[in-house]
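Here's the structure we're looking at; comments come further down.
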Amino acid sequence: MTGTPETPALPMPAPTPLGPAIEARDIVKRFGAVQALGNGRLTVGRGEIHALLGANGCGKSTLSKIIAGTHAATAGSLLIEGRPVRFATPREAEAAGIALFYQELSLIPPLSVAANIFLGREPRTRAGFIDRTRLRAETEALIALFGDTAGPGLTPDALVADLTPGQRQIVEILKVLSKSPRIVIMDEATAALDARQVAVFFDILRARRAAGVSTVFISHRLDEVFALCDRVTVMRNGETVADLCIADTDQDSVVRLMIGDVRKAGRRTRADRPAAAPLLQADRVGGGRLRDITLAVAPGEILGLGGLQGQGQSALLRGLFGADPLTAGRLRLDGQPVRIRAPADAVARGIAYVSGDRVADAVLAGRSIFENLAAAVLVRERRWRVGAGTLAPRLAGVAASLKTKYAGLDDAIGTLSGGNQQKVFIARWLATGPRLLLLDDPTKGIDLGAKADLFALIRQLADSGVAIILYSSEEAELLDQSDRILVFNGGAVVTELSGPTLDSFHLTRAAYGDAA
Amino acid sequence: MTAPSLSPSGLSTGSRLATLAASPLALALMAIIVLLGLGEMLSPGFARGDQIIRLLTVAALLGIAAAGQNLVILAGGEGIDLSIGAQISFGAIIAGNVMNGSDAAIAHAILAACGATFLVGLVNGLGVTLVRLPPLVMTLGMMAIIQGGLVVFSQGIPSGNAAPALMGFINQPALLGLPGILLAWAVLIVLMGLLLRRTALGFAIYAVGANARAARLVGLPVRAVRTLVYGLSGALAGLTGVFVIGYTGNSFISVGDQYMLPTIIAVVIGGTSLAGGTGGYVGTVAGAIALVLLQSVLTTLHLDFWGRQLIFGGTLLLLLALYGRQTGPRV
Ligand SMILES: Nc1ncnc2c1ncn2[C@@H]1O[C@H](COP(=O)(O)OP(=O)(O)OP(=O)(O)O)[C@@H](O)[C@H]1O
Ligand SMILES: [Mg+2]
């Protein structure tokens, strides 16, 4: 019996050559009265990239966390490389070569990128101190995997708190990769990445596959799944319902297995309406990295913000909302000059903002689903009394229109799956009946069915006269929903696409900066 | 795979205790019953009706002051009010001077004491929100300033004493055999419940404590809320001061000092998280009663002030360690 070189800590028998990388059988997981998993099954072959799909709240993250030792299963058995295991802690799973990308990220925002990636595993000097030079160099090398797609500001010494959501996802990815695992689980690792970053990420995963690494890939973007994965397991309501070879199936069949039929609306066709006076006009606004942005959005219009990630789209939305106030230029609302110095000013004027960073910007941790839903309405309607009475059914109605899955409104927000939390934060703002809706990557983590519902709702709002500004890290979403797209580069608008130029070709060309 | 006995964070020994602590209110109620039984064993008559009312009166003084501490801690941002003890002394001395033994001046005394301490509390709040001093530093500094100020202005011997009606309110039965202060405490319990569960301010306190960034992004005035809770904490300490002088008859400059640490312990026993955002006042009430019982049992054992301090400090650390276990890895 020899210890494998990868896991010096635990003397264990050499992996049985025949067993699959992961074999999870009949996994049951209950949280109190809630049954998250009824019959979770997953078999992942060695050196395979295996998709794990299903609607929000079907149990993907729960199953992942059981495999990675974060949760203990209520019942069921788990075999890793043919050996039955029972991990009590994530450390034990790590020692067995398993690493999990946490959907809600496992980063500590006030710490640096390097400290986060190597937390608890820092390279040491001979004297036993943290070897800062090596720590920085190794982090540097990891960041270099993403090359120039990592975007500005992603350095070993940068604080995680200062990074964009996409960059934070990259850091979480690097943290996983730095453990050199033989089995990786990527739980919605691409949710905030743009097309270029996704391409690099896939190349990394494919290279690891060639080296024998097995990957579980969770995503709500089916194009990605079909581009990358070898097999797919589909879950529904806590049960595994199918295990298929990607080559033998197609997107429609997989969607049907996941959620039944989805009425996915096609490209938005702009109803010919008399040009309305703009609701919001920004005249050469700037601040932070934003430079000289001029735009106007009219009631009933959906204005898209395009370009590579982190080029100022989110900064503009935050600026318009007063979250990070604009320092230069002028804003007009209904033609009247306004100053928006804080979110409270924006809310009072009927502006709503769905942040792209739900953990930092939206979750009222430890509070109920009701409170999380009601937060914006209470402020907007200047209520001084909080009675669940009429408010609860109203909010439940909005949440239901996005098919939010929860047990009771009084349950803690943390009991919801990632996608269902995101729906709560969108519903929070829809309930205020806004005139201007600022959406920063709003579909991050929500499933296909809910996405279709959300955009149907957003188009409805637009038709009823709401103005909408939308940023999405997913190009197809932006093209399908927008009437016009402003393409950002380096904090400025470089091109406006509309009508015949509103397509993937022009968008990509403009985003990379070689627009005519 | 049967259910592993280890909890996800691998704290097998802590997990059972943590489950028990999962309901701090239940734990505090249990402590109350155990302490009552223990007291009765050590000194028969401990749990007699009039004794219990006397204990509850002391608990009310602590509980009213702890209400302010509770609000400050709930609003998060490492919020804590270390100046509560000094503010109680401040309120007691103001009240003593204004009343000076006259029943007619009780209302004025309450207004003056609460008004002054409310303003002092607001200064605490502004120091924390505008000057961005850590709450620990700001309120500790304020404690020193008040204590120093009281010594300087009263030359160490404060004048003034309580009005007879106020002393009666605290020490004599008023209704159903209960003294007025217990009725006042009952009213405060109801008001705190309404404030925290039914008003926008209560909602805002929780939201600000749970995630200040998110609270700001829905348009809540984070700084105003945080400033206000320090003001309310001051006013409640001032009110406690008025009752304290009614309880003792006259005041001395350190009369409130002994309340500072117990207000924090009562809040923590009651299950309010020191990180803010979760908890409530009912737990704190149970915590205050349990603490006063503990103090009383220790006195029966002839432990002096410092011996009791030792036990209190130990209790606080033990509880924090216990409750801390509940919040495992956040994933
Ligand atoms: N700590 C918890 N307490 C109670 N219920 C929970 C807890 N964690 C998850 N659940 C429930 O378990 C179910 C599965 O959740 P899970 O997070 O695994 O879903 P998911 O498939 O990852 O969804 P998503 O696509 O939204 O990320 C959900 O119904 C959720 O509400
Ligand atoms: Mg999930």
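Residues that are buried (at least 22 other Cβ atoms within 10 Å of the Cβ) and more than 16 Å from ligand 1 (Cβ to nearest atom) were ranked within region A:431-461; the one that is nearest to the other protein chains (Cβ to nearest Cβ) is A:T432.
Just give me the residues in region B:282-292 being over 14 Å from B:T315 (Cα atoms) and either surrounded by 24 or more Cβ atoms within 10 Å (Cβ to Cβ) or touching a strand residue (DSSP E or B) at 6+ places or on another chain (Cβ under 7 Å) (or both), in sequence order.
Of region B:282-292, the ones over 14 Å from B:T315 (Cα atoms) are B:282-286, B:289.
Those that are over 14 Å from B:T315 (Cα atoms) and either surrounded by 24 or more Cβ atoms within 10 Å (Cβ to Cβ) or touching a strand residue (DSSP E or B) at 6+ places or on another chain (Cβ under 7 Å) (or both): B:G283, B:T284, B:V285, B:A286, B:I289.
Working carefully through the options B:G101, B:G96, find the one that is assigned to a loop (DSSP other than H, G, I, E, B), over 29 Å from B:F203 (Cα atoms), touching a residue at least 12 places away in the same chain (Cβ under 8 Å) and more than 16 Å from the chain's Cα centre (by Cα).
Working: B:G96 fails: assigned to a loop (DSSP other than H, G, I, E, B).
B:G101 is the lone residue from the list that is assigned to a loop (DSSP other than H, G, I, E, B), over 29 Å from B:F203 (Cα atoms), touching a residue at least 12 places away in the same chain (Cβ under 8 Å) and more than 16 Å from the chain's Cα centre (by Cα).
Taken across region A:65-75, residues that are near ligand 1 (Cβ under 9 Å from one of its atoms) and at pLDDT 90 or above do occur, with at least one present. If you go through region A:25-49 and pick out every residue that is open to solvent by less than 10 Å² (accessible area, probe 1.4 Å) and within 16 Å of ligand 2 (Cβ to nearest atom), you end up with 4. Quick check on B:A266: is it in a helix (DSSP H, G or I) and open to solvent by less than 20 Å² (accessible area, probe 1.4 Å)? Considered against the rule, which asks whether it is in a helix (DSSP H, G or I) and open to solvent by less than 20 Å² (accessible area, probe 1.4 Å), B:A266 comes out as yes.
Listed by first and then second residue, the pairs linking a residue in region A:324-341 that is among the acidic types (D, E) to a residue that is open to solvent by less than 80 Å² (accessible area, probe 1.4 Å), with Cβ atoms under 9 Å apart and 6 or more places separating them unless they lie on different chains, are A:D324/A:G287; A:D324/A:A315; A:D324/A:R318; A:D334/A:A277; A:D334/A:P278; A:D334/A:L279; A:D334/A:L280. Of the residues A:P165, A:P156, the single one that is crowded, with 23+ Cβ neighbours inside 10 Å and in the same structural domain as A:P123 (by TED's automatic domain parsing) is A:P165.
Within region B:237-259, which residues are within 13 Å of the chain's Cα centre (by Cα), modelled with pLDDT under 90 and open to solvent by 20 Å² or more (accessible area, probe 1.4 Å)? Give the derivation first.
First, pick out the residues of region B:237-259 that are within 13 Å of the chain's Cα centre (by Cα): B:237-241, B:256-259.
Restricting the remaining residues to those that are modelled with pLDDT under 90 gives B:256-258.
Within region B:237-259, B:D257, B:Q258 qualify.
Of the residues that make up region B:223-235, is at least one closer than 13 Å to B:G85 by Cβ and buried (at least 24 other Cβ atoms within 10 Å of the Cβ)? Yes - at least one qualifying residue is present in region B:223-235.
The selection criterion, being crowded, with 18+ Cβ neighbours inside 10 Å and either at pLDDT 90 or above or away from every other protein chain (no Cβ under 13 Å) (or both), does not hold for A:G465. Before we move on, is B:I289 outside any helix (DSSP H, G or I) and of a type in the set (A, V, I, L, M)? Taking the combined requirement at face value, the residue does not satisfy it.
May I ask you to list the residues in region B:174-199 that are closer than 17 Å to B:G49 by Cβ and touching a residue at least 60 places away in the same chain (Cβ under 8 Å)?
Kept after step one, since they are closer than 17 Å to B:G49 by Cβ, are these residues of region B:174-199: B:174-179, B:181-183.
B:G177, B:L178, B:P179, B:I181, B:L182, listed by residue number.
Can you find a residue in region A:178-189 that is in contact with a His (Cβ under 8 Å, 6 or more places away or on another chain) and within 16 Å of ligand 2 (Cβ to nearest atom)? Yes: one or more hits.
When region A:63-96 is filtered for residues that are within 16 Å of ligand 2 (Cβ to nearest atom), of a type outside the set (D, E, K, R) and free of Cβ contacts under 8 Å to residues at least 60 places away in the same chain, the ones remaining, listed by number, are A:I66, A:T70, A:H71.
In region A:76-96, how many are within 19 Å of A:E239 (Cα to Cα) and more than 7 Å from chain B (Cβ to nearest Cβ)?
Taking region A:76-96 first, the residues within 19 Å of A:E239 (Cα to Cα) are A:76-79.
Now restrict to residues that are more than 7 Å from chain B (Cβ to nearest Cβ): A:79.
Final tally of qualifying residues: 1.
To keep it simple, each residue is scored yes or no on (1) surrounded by fewer than 19 Cβ atoms within 10 Å (Cβ to Cβ); (2) away from ligand 1 (no atom under 15 Å from the Cβ).
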| residue | (1), (2) |
| --- | --- |
| A:A376 | no, yes |
| A:W384 | yes, yes |
| A:T390 | yes, yes |
| A:A407 | yes, no |
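From the list A:S219, A:S214, which one is away from ligand 2 (no atom under 16 Å from the Cβ) and open to solvent by less than 60 Å² (accessible area, probe 1.4 Å)? First the steps, then the outcome.
Working: A:S219 fails: away from ligand 2 (no atom under 16 Å from the Cβ).
Only one candidate qualifies: A:S214.
For A:T62, are the conditions met, namely being within 11 Å of ligand 1 (Cβ to nearest atom) and of a type in the set (S, T, N, Q)? Answer is yes for this residue. Does at least one position in region A:235-244 carry a residue that is open to solvent by less than 50 Å² (accessible area, probe 1.4 Å), polar (S, T, N, Q), away from ligand 2 (no atom under 15 Å from the Cβ) and not in a strand (DSSP E or B)? Looking through region A:235-244, none of the residues is open to solvent by less than 50 Å² (accessible area, probe 1.4 Å), polar (S, T, N, Q), away from ligand 2 (no atom under 15 Å from the Cβ) and not in a strand (DSSP E or B). Among the residues making up region B:28-42, a single one is in contact with a Leu (Cβ under 8 Å, 6 or more places away or on another chain) and open to solvent by 70 Å² or more (accessible area, probe 1.4 Å): B:L42. Taking the criterion of being away from chain B (no Cβ under 14 Å) and either touching a residue at least 24 places away in the same chain (Cβ under 8 Å) or in contact with a Lys or Arg (Cβ under 9 Å, 6 or more places away or on another chain) (or both), the residues of region A:97-115 that qualify are A:G97, A:I98, A:L111, A:S112, A:V113, A:A114.
Results for (1) within 14 Å of chain A (Cβ to nearest Cβ); (2) part of a helix (DSSP H, G or I), shown as yes or no for each residue.
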site	(1), (2)
B:A186	no, yes
B:I189	no, yes
B:R197	yes, yes
B:A204	yes, yes
B:L220	yes, no
B:S233	no, yes
B:G241	no, yes
B:L261	no, yes
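Among the residues that make up region A:342-349, is at least one of them open to solvent by 20 Å² or more (accessible area, probe 1.4 Å) and more than 9 Å from chain B (Cβ to nearest Cβ)? Within region A:342-349, one or more residues are open to solvent by 20 Å² or more (accessible area, probe 1.4 Å) and more than 9 Å from chain B (Cβ to nearest Cβ).
Among A:A55, A:A93, which is part of a helix (DSSP H, G or I) and either within 16 Å of ligand 1 (Cβ to nearest atom) or crowded, with 21+ Cβ neighbours inside 10 Å (or both)? Reasoning before the result, please.
Numbers: A:A55 fails: part of a helix (DSSP H, G or I).
Only one candidate qualifies: A:A93.
The set of residues from region A:156-199 being more than 19 Å from A:L135 (Cα to Cα) and within 16 Å of ligand 1 (Cβ to nearest atom) comprises A:P165, A:Q169, A:I185, A:M186, A:D187, A:E188, A:A189, A:T190, A:A191, A:A192.
Scanning region A:392-414 for residues that are within 11 Å of chain B (Cβ to nearest Cβ) and more than 16 Å from ligand 2 (Cβ to nearest atom) gives a single hit, A:A412.
The values are calculated or read from the model by the stated rules, or taken from the named source; none is laboratory data. Keep in mind it's a predicted model, so treat the numbers as computed, not measured. Glycine also receives a Cβ, built like all others from the backbone with ideal geometry; neighbour counts cover every protein chain displayed. Ligands, DNA and RNA are stripped out before the accessible areas are found, and what is left, the full protein with its side chains, is counted by its heavy atoms. Shrake-Rupley method; radii C 1.70, N 1.55, O 1.52, S 1.80 Å.
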